[in-house]
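Structure first, commentary second.
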Amino acid sequence: MKQITTDFVQNIITTRPADMHKGQAGRVLIIAGSRGMAGAAVLAARGTLYSGAGLVKVSVPDELFTILQISVPEAMCIDREEAAKADLNVYDAICIGPGIGTEEEAMSLLYRVLNDYSGPLVIDADGINCLCKYSALSEIKERDGITVFTPHPGEADRMLDILSAGSCRELGREGAVTMLSEKTSAIVLLKGPQTLISDGTDTYVNPTGNPGMATGGSGDVLSGIITSLLAQKHLTADPLDRVCAAAFLHGVAGDIAAENIGEYGMTSADIADAVASAFNAL
């Protein structure tokens, strides 16, 4: 198991070219949020924008448009119907799952993304829960593009159960993240203290972060950062390295927030607000 270091991340987050435009910074679609879960979409969008994505669209139910457009004015909103019909391959990366729920409508949209989108795809939270609920996890192997899963231990256990591959307790964290990657042919980021990232061959451990990050929405910010780095065209590192860099920077943002506010009082919004500073610290 390899440790992610500052030098490692500095080799991935390279200086932007002087003539760079927003298209080169990456076009991202975030499919997130539902009634009562607008915050998940807001936090994922902020994580994406604050880590350098050039154009971000957020697909949420119509009733959440006002919340998104006030909370994240830099992002554009599209409704679920438009997302279900749009040409998805115009996006350089897509994130689906934060706060979308596990109803049939959510799974239908997830199926559409799996079948029609060939670019990098980050599946988090309810995206994972949908795949488990509708026994569709095995279909990930059929995707042409890169897939990234970001489960917490409970979600990882559900995935392992569906795959008849044991549990986190039986396998240990390193065994669990490796097994999930092997079974799904995806990059898997297993959240927790010293987050682990694996592609089934190489496994990395992230040393940054602190207990104050154990707060609702922190993972939504992380998903946004991962999606942003996967979308940015000027970066040349492979997808596994980009996911590792995202985990490291997310932890640095949490450490900056803890230094400024304290571990007890910090929220996921504080982590999102510190993402730009985390990049600048490199």
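Coordinate-derived values only; no laboratory data. Nothing here was measured: the structure is a model prediction, and the numbers come from that model. All Cβ positions, even for glycine, are placed from backbone atoms using ideal geometry, and neighbour counts span all protein chains on display.
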Fill in: Per-pair calculated FRET efficiency, R0 = 25 Å: THR15 and ILE261 via Cβ, rounded to 0.05
0.25
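Could you list, in their original order, any pairs among LYS57/LYS183; LYS133/LYS183; LYS141/LYS183 whose Cα atoms are separated by more than 20 Å?
LYS57/LYS183
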Worksheet, complete the sentence: Among PRO17, PRO239, PRO207, the residue with the largest mean-square fluctuation in a Gaussian network model of the chain built from Cα contacts under 10 Å is PRO17
Discussion item. Neighbour counts of other C-beta atoms within 10 Å: give me ILE12, ILE70, ILE128 arranged from fewest to most.
Written reply: ILE70, ILE12, ILE128
Worksheet item: Taking only the alpha-carbon atoms of the stretch 2-281, what semi-axes of the equivalent ellipsoid follow from 5 times the gyration tensor eigenvalues under a square root, in whole Å, largest first?
Response: 24, 23, 19
Worksheet item: Say each of PHE65 and ASN210 gets a label point 7 Å from the Cα, pointing the same way as Cα to Cβ; how far apart are those two points in nm?
Response: 4.1 nm
Worksheet, complete the sentence: Sorted by chain and number, the residues with a modelled amide H under 5 Å from that of SER59, at a separation of 5 or more or across chains, are ILE30, ILE31, ALA32, ILE78
Fill in: Förster radius 35 Å - calculated FRET efficiency between ASP87 and ALA281, Cβ distance, rounded to 0.05
0.40
Discussion item. For the chain, what does the helix formula give at 222 nm: sum of -39500 (n - 2.57) over DSSP H segments with n ≥ 4, over the residue count, nearest 500 deg cm²/dmol?
Written reply: -14000 deg cm²/dmol
Discussion item. Once you keep just the Cα pairs under 8 angstrom separated by 6 or more residues, what percentage relative contact order results for the chain?
Written reply: 22 percent
Fill in: Selection of GluC sites (Glu not before Pro), the stretch 61-169, meeting DSSP coil and at most 16 other Cβ within 10 Å
GLU74, GLU103
Fill in: ASP199, ASP124, ASP79 arranged by Cβ crowding within 10 Å, fewest neighbours leading
ASP79, ASP199, ASP124
Discussion item. Modelling each spin label as a point 7 Å along the Cα-to-Cβ direction, I'd like the ASP238/GLN3 distance in nm, to one decimal.
Written reply: 2.3 nm
Item to complete: Have a look at the DSSP beta bridges in the chain and tell me what percent are antiparallel, nearest 5.
Response: 20 percent
Worksheet entry | Size of charge dipole - the chain - debye, nearest 20, with Cβ of Lys, Arg +1 and Asp, Glu -1, no other charges | 260 debye
Discussion item. Report the Cα centroid-to-centroid distance between the stretch 119-161 and the stretch 33-69 in angstrom, as an integer.
Written reply: 21 Å
